[in-house]
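None of the figures in this text is laboratory data; all of them are computed from the coordinates on show. Since the structure is predicted, the reported quantities are computational estimates derived from the model, not experimental observations. Cβ: placed from backbone, ideal geometry, glycine included. Neighbour counts: every protein chain shown.
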Amino acid sequence: MDQERIRKYAKLAVCTGVNVQPGQTVMIFVSPEQHEFAAMVAEECYLAGAGKVMMEWTFQPVTKMAYQYETVESLGEVPEWLEAKHRWMAEELPCHIHILSDDPDGLAGVDPEKMQQAMVKKNRVLKKYRDARENRDQWTIIAVPSPSWAKKVYPNETEEAAQAKLWEDIFSCVHIEKDKDPVDAWNRHNHQFLERCRKLNEYGFEYLEYKNQLGTDFRVWLIPGAVWMGGGEYTMGGTYYNPNMPTEEIFTTPASGRAEGKVVSSKPLSYQGMLIEDFWVEFKEGKAVSWSARCGEEVLGKIITMDEGSCCLGEVALVPESSPVSQTGHMFYETLFDENASCHLALGAGFSNVLPNYDKMTAEEWKEAGINDSLIHVDFMIGTPDMNIQGVTSDGKRVDIFVNGEWAEEFRSQSDN
């Protein structure tokens, strides 16, 4: 594989992804299978000035064994040392770099009920520490091909050829080219996001209306004053970072409890090693009230009923069909990529930083403003080549945002043409 571009990727994750600050601690979450790349990322962290780099190893086959053999009580247990670690993270705010490479089918056969119960039990203890880090720490998610993931994407290739092709896809999606600086490419990418968000924010839409031939006929209301975001973000302390690499979405958090109609999935959803395919969800008064799936319906039901807020929406995101991820022409079976190929929604927790002066508000005030609260945030894709989306203002003016799966003319930039 092209080691020069792989090194660029590692540096991009550190410098543009989490934007490591001098003396800062970095935590890298990764499978042992990717130890060579993880070591490369760790070195780039130190070269960027990190004070300490810590590895958090996760291994999907052992995770599956735990779900198969342990009790719910054991799986959901939070020992004192684990709670202390999360308390430390909330206080010290290390950077988090998540390197994904799991098999999309790696947890197939796991009991969804058991997984749900264990997650709820554990999160009752840990959620307060995650909430305490919200908007205060830098984090980024990237991905590296594993043999099992690559073969899922390219089933007719050898493992070696499949991994090589998936590497090329990743390089394309995160704007890494030979003899070019990807940091410059990302700076231009982020500037494009800012311009598009500015145009959307000027309208102050009351709600959005989605329609396509697949069966989506849906309206979702927005929080008054909430902004559209995309690309990089700022922590409360003012550090700029890019949480998702790749990213092609412009998003906001809708008003909790205000959505009506039916949305039909346009791509499978890979959720914790299990696939949900050909599904639809119907909303009434902001809540998912009915749903069906050709494959994985039980898992879908467990997501929607995970907690009080998991049946409501936490995100609406706009992604054109012409995005680099979509242009690869295939599914990645990994939400980090697939959500950037298509317009999508997310069940569960919303983003408080879409609110003006969110940093001066309490969590309860976020909720009162309309930000949904949940243990989960699960993106699912609904975009299609014939998707039309209109924004409707408070005085009834209708504005085309998407026409046939692409940004309407008003929201296009020079690079789209």
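Some observations on this one:
- Cβ-based charge dipole, the stretch 27-134, positive-most Cα from His96, Gln116, Val62: Gln116
- Distance from the stretch 1-43 to the stretch 174-230 (C-alpha centre basis), Å: 27
- Restricting the calculation to Cα atoms, every distinct pair contributes to the Kirkwood radius of the stretch 1-143, found to be 16.6 Å.
- Applying a threshold of 30 Å to the alpha-carbon distances of Lys52/Lys127; Lys127/Lys287; Lys262/Lys302; Lys165/Lys302; Lys267/Lys302 flags Lys165/Lys302 as lying beyond it.
- Percent of beta bridges antiparallel (DSSP, the chain, rounded to nearest 5): 75
- Over the chain, DSSP H runs of length four or greater, each weighted -39,500 (n - 2.57), average out per residue to a 222 nm ellipticity of -10000 deg cm²/dmol.
- The alpha carbon gyration tensor of the chain gives principal lengths a ≥ b ≥ c with a/c below 1.5, which makes the shape rounded.
- Here is the list for the stretch 34-105: chymotrypsin sites (Phe, Trp or Tyr not before Pro) lying in DSSP coil, each with at most 14 other C-beta atoms within 10 angstrom of its C-beta, are Phe59.
- Mean separation of Cα contacts under 8 Å (6+ apart) over length of the stretch 1-156, as relative contact order %: 29
- Debye, to nearest 20: dipole size of the chain, +1 on Lys, Arg Cβ, -1 on Asp, Glu Cβ: 560
- Nitroxide proxy distance, nm - points 7 Å out along Cα→Cβ at Thr58 and Asp2: 2.9
- Distance between the modelled labels on Asp181 and Gln117, one decimal in nanometres: 5.6 nm (7 Å Cα→Cβ projection).
- Segment Asp278-Glu364, extension gain: residue separation times 0.36 nm, minus the distance between their alpha carbons: 27.3 nm
- Measuring r between the beta carbons of Arg294 and Tyr46 and using R0 = 35 Å, the FRET efficiency lands at 0.15.
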